[in-house]
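Engineer: The structure is given below, and queries will be raised subsequently.
The values are calculated or read from the model by the stated rules, or taken from the named source; none is laboratory data. Since this is a predicted model, take the numbers as computed values, not measurements. Backbone-built Cβ (ideal geometry, glycine too); neighbour counts: all protein chains shown. Note: accessible area is taken over every heavy atom of the protein model, side chains too, but ligands, DNA and RNA are not part of it. Shrake-Rupley method; radii C 1.70, N 1.55, O 1.52, S 1.80 Å.
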Amino acid sequence: MSCAVEEWKEGPFSRVLQNIHELENQVVTFKRVCHIKQLQLRSLGAALQNRGRRLKNQGSMDLCDSLEIAKQKTSHDLQLKEPQVSIQSGQLNFSKKDIKRLEQELKR
């Protein structure tokens, strides 16, 4: 009967030890998984920051491109207006001379 008593003690005790070892192994596995997830999270955070910087730079580049297009359009408009201004300036000078000539004729 003493053998039966010893087997009874060993049976549940060995199962408890086995459960403890399994739980310890699970803890080790979970720690590894947690560490890997933390590394992945850091990596994703860095990637997100880089992406944010790239998007900001892309936004700046888009703004620069639109400003460059506006500058080119304004420059083109200016080139079209300069001859018109020159013509009107010439007409104004001619009209001033005409007015002076007419004023002199009136004085005579």
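Engineer: With Cβ to Cβ distances under 14 Å as the rule, what net charge do the other residues near residue 43 carry (K, R +1; D, E -1)?
Structural biologist: Around residue 43, the charge tally is +3.
Engineer: Compute the acute angle (0 to 90°) between the alpha-carbon long axis of helix 2-107 and the principal axis of greatest extent of the alpha-carbon atoms of the chain; round to the nearest 10°.
Structural biologist: 0 degrees
Engineer: Accessible area, 1.4 Å probe, largest first: how do 29, 74 sort?
Structural biologist: The most accessible residue leads, giving 74, 29.
Engineer: What order do 67, 102, 48 take when sorted by accessible area (1.4 Å probe), most exposed first?
Structural biologist: Ranking 67, 102, 48 by accessible area, largest first, yields 48, 67, 102.
Engineer: Rolling a 1.4 angstrom probe over the protein chains, ignoring ligands and nucleic acids, what is the accessible area of residue 13 in square angstrom, nearest 10?
Structural biologist: 130 Å²
Engineer: Pairs on different chains or at least eight residues apart, Cα atoms closer than 24 Å: how many lysine pairs in the chain fit?
Structural biologist: Eligible lysine pairs with Cα atoms under 24 Å apart amount to 6.
Engineer: First compute the accessible area of the chain with a 1.4 Å probe, then give the percent of it belonging to carbon and sulfur atoms.
Structural biologist: C and S fraction of accessible area: 61 percent.
Engineer: State the label only: which of (i) 3.49; (ii) 1.89; (iii) 1.06 corresponds to Cα Rg over 2.2 N^0.38 Å computed from the shown model?
Structural biologist: The value matching this structure is (i).
Engineer: Under a crude label model (7 Å from the Cα following the beta-carbon direction), how far is residue 46 from residue 92 in nanometres?
Structural biologist: Modelled inter-label distance: 6.5 nm.
Engineer: Right, something else. Considering only 31, 96, 71, give the residue with the highest GNM mean-square fluctuation for the chain, with springs between Cα atoms whenever their separation is below 10 Å.
Structural biologist: 96
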